[in-house]
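The values are calculated or read from the model by the stated rules, or taken from the named source; none is laboratory data. It should be emphasised that the depicted structure is a prediction, and the values quoted were computed from it without experimental measurement. Using ideal geometry, Cβ is built from the backbone for each residue, glycine included, and neighbour counts are taken over all protein chains shown. With ligands, DNA and RNA removed, areas are computed over all heavy atoms of the protein, side chains included. Shrake-Rupley method; radii C 1.70, N 1.55, O 1.52, S 1.80 Å.
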Amino acid sequence: HLISLAAAALALALVTPAIAQQQGPSKAEQMIKYRQAGFGWLAYNIGPIGAMAKGTIPFDAKVVERNAATMAAIAPRLLEGFPEGSGSGARTEARPEIWTDMADFRAKMGDLERATADLAVASRSGDMKVIGPALGKVGGACKSCHDKFRKKD
Ligand code: ASC
């Protein structure tokens, strides 16, 4: 009994540090994944609205309304994906300027938030003449932030 108890204690002593070292993704990796998922979902939702505005696919008011509502929900949740220290740790197109010029990054995220909220309101008109300009403002908010804060290929 003493020997098996000693063996068990030894096994536990050997295994415990191995478990402790088995760390999951870092906070930075989690945040990079989080925000990329957010932007990806945003792009997925704007895609069909853009295609309808161009006339590439038929206008579907219900899809515009649903997608715009989703975008308005995503946009205010993006800023939390950029905490201090999440500028590296996984493949990212985020430029360091986000954290050195956070006031402007916040302002640009605010522009996106307002533009998507306005698009959600416009989408309820069911009228592409109303939706089009609101969509243009969202695209403008995407672009002005990308120009300054996203890495160029
Ligand atoms: C999109 C998309 C973006 C923006 C940007 C606007 O549809 O995926 O990143 O619009 O291209 O300039």
Exercise. So, with +1 on the Cβ of K and R and -1 on the Cβ of D and E, and no other charges, what is the size of the charge dipole of the chain about its Cα centre, to the nearest 20 debye?
Worked result: 260 debye
Problem set entry | Accessible surface, per residue, of the stretch 27-121 when the full set of protein chains is kept, probe 1.4 Å, Å² | 55 Å²
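Between residue 102 and residue 4, 0.36 nm times their residue separation minus their Cα-Cα distance comes to what?
Values: separation 98, 0.36 × 98 = 35.28 nm, distance 5.92 nm.
That works out to 29.4 nm of additional length.
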Problem set entry | Between helix 61-74 and the chain: long-axis angle, C-alpha atoms, 0 to 90°, nearest 10 | 50 degrees
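What net charge is computed for the residues neighbouring residue 150, neighbours being all others with C-beta under 12 Å from the C-beta of residue 150, Lys and Arg scored +1, Asp and Glu -1?
Details: positive: 35, 95, 108, 143, 148, 151, 152; negative: 93, 97, 147, 153.
Summing Lys and Arg as +1 and Asp and Glu as -1 gives +3.
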Exercise. Which value at 222 nm does the chain reach when only helices count, each DSSP H run of 4 or more adding -39,500 (n - 2.57), with the total divided by all residues and rounded to the nearest 500 deg cm²/dmol?
Worked result: -24500 deg cm²/dmol
Seminar exercise, completed: Under the rule rounded for a/c under 1.5, else prolate if a/b exceeds b/c, else oblate, using alpha carbon gyration tensor axes a ≥ b ≥ c, the stretch 64-129 is classed as prolate
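On the accessible surface of the chain, probed at 1.4 Å, how many percent belong to carbon and sulfur atoms? Don't skip to the answer; put the middle values down first.
Working: 5970 of 9670 Å².
Percent of accessible area from carbon and sulfur atoms in the chain: 62.
Restricting to Cα pairs below 8 Å that are 6+ residues apart, what does the relative contact order work out to for the chain? Please round to a whole percent.
Working: 133 pairs, mean separation 38.9, N = 153.
25 percent.
How would you rank 128-141, 92-105, highest first, on the average number of other Cβ atoms within 10 Å across their residues? Present the calculation step by step, with values, prior to reporting the outcome.
Numbers: 128-141: 16.8, 92-105: 15.1.
My ranking of the peptides, most packed first, is 128-141, 92-105.
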For this session: May I ask you to derive the FRET efficiency for residue 114 and residue 26 from their Cβ-Cβ distance with R0 = 35 Å, giving the value to the nearest 0.05?
Result: 0.60
Exercise. Between residue 33 and residue 129, what is the FRET efficiency for a Förster distance of 30 Å, r being their Cβ-Cβ separation, to the nearest 0.05?
Worked result: 0.20
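State whether the stretch 32-153 is rounded, prolate or oblate according to the following rule on the C-alpha gyration tensor (a ≥ b ≥ c being the square roots of its eigenvalues): a/c under 1.5 gives rounded; otherwise a/b larger than b/c gives prolate, and the remaining case gives oblate. Intermediate results must be reported in sequence, preceding the final value.
Working: a/c = 2.25, a/b = 2.06, b/c = 1.09.
Since a/c reaches 1.5 and a/b is larger than b/c, the shape of the stretch 32-153 is classed as prolate.
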